[in-house]
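S.K.: After the structure tokens below, expect a handful of questions from me.
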């Protein structure tokens, strides 16, 4: 009897091993098929037999197995352990089914920007991002998964062009050198467009993905007209050109075209924004009137005029309560950029406006900028966008050396960028109907359309958007956000800044490192030993 009882006592071990083997097989294979399920059932059967036999083959001189205190304690422990495992399993199951992520980083590194979240909320059609790369970069995958968590209408897939050359050829993949092409596709129509190239140096951009979603899901593109014919910045590549700015607008679903008012005589009806960037000669009176008429009909203007330029726009700007100062903004010595002259205006203060709401204390700079004077005008809401340092000033004599604030100068802070808005009531002249006779009544008078906002942004500098400066600091964001706000297109997000990792590491001197090491390895253990000795002495 004793030998049988000893044999039955260890029967629980193979049962537990069978259950553990079944669970491991199911987890590793990812499929709970016949083998994992069979192992678990066999283990449960063996443990059931152990429980029955332990009660049957008992020593008559000993208490019943189930009445022993050790059995009851062990049973309670097993039940408690199983309960804890079940609770943990349920918690993990619920966490997987409805996962919630909390981003505790200071700059929200792992969270989509509010602009991207708004685009995903308003997305009506499904889109898919195709990444033609055999390497699933964790940073890119995490970004795409962030989009996917926000809406089931967004999906993505990695394709290795080497193993699927047919699909790569259908997309026209180039993958030159280290670059790997990324495309976005509208699921309903299978319309595709190139998104960007990624490499070891250039990872997937949230700005590109969000704007790609906007472009492919929208049939409408805002149109930006750049005024030409007065020495304005060139739209194509070249010295002093703004081709990078034009390309950036195209990535934000804008179509850019040159505009010659001397030939057309008026602003095209499909214009979302008209830009006058860097004119060096005065506009003709008829051109200024065309811009004024466009503004009176609810049009949107961006005007960037450098110092010492007579643009001919004074009358137009005067109707908005704005005047361009002929002096030049000079930075205080402690606010000057390295390797830059005092006339490079550095801006770290921005007005409370949708264009600059996310800039914080970021830097943008404007080489040789003129201040802008604002006169409060009824019906016009004016907001300074760009403000120089309080220690800066407007210099009237740039040839004077050394530069200093004196008579004829104007102390800072200076506004070198201003956003304005007013409500206008456009008038529409109906086409005259054919007259049946010479005595027919005259054409009806123009009718008024519903009121709408007209907007204008004025910069006292145009150099900040040329190719050499556009991608520096916040310069590009100032320009893109301004054009977006002017377009009055609610589907256009403002520029999305890349998130920056701030260095919060503590730098220790050698003496501080030695002191911390002594405290951690010497003083703290010594304190523990002394405390233990005191407790032992008291209980001795």
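Bear in mind that the values in this text are calculations on the coordinates, not laboratory data. Just so we're clear, the structure is a prediction, and the values are computed from it rather than from any experiment. Methodologically, a virtual Cβ is constructed for each residue, glycine included, from the backbone with ideal geometry; neighbour enumeration extends over all protein chains shown.
S.K.: Taking a ≥ b ≥ c as the square roots of the Cα gyration tensor eigenvalues, with a/c under 1.5 meaning rounded and otherwise prolate when a/b beats b/c, else oblate, which class fits segment 349-419?
M.R.: Taking the square roots of the gyration eigenvalues as a ≥ b ≥ c, segment 349-419 is oblate.
S.K.: Oh, and also: Just rank 173, 35, fewest to most, by other beta-carbon atoms within 10 angstrom.
M.R.: By the 10 Å Cβ count, ascending, the order reads 35, 173.
S.K.: What list of whole percents do you get for P(r) of segment 247-344, with Cα-Cα distances grouped in 10 Å bins up to the one holding the largest distance?
M.R.: 13, 38, 28, 17, 5
S.K.: Can you sort 540, 208, 220, 455 so the residue with the fewest Cβ neighbours within 10 Å comes first?
M.R.: Going from sparsest to densest Cβ surroundings: 540, 220, 208, 455.
S.K.: May I have the convex hull volume per residue, in Å³, for the Cα set of segment 114-198?
M.R.: Convex hull of Cα atoms, per residue: 99 Å³.
S.K.: Arrange the following residues from fewest to most other Cβ atoms within 10 Å of their Cβ: 123, 17.
M.R.: Going from sparsest to densest Cβ surroundings: 17, 123.
S.K.: Simple spin-label model, 7 Å along Cα-to-Cβ: residue 73 to residue 406 in nm?
M.R.: 9.6
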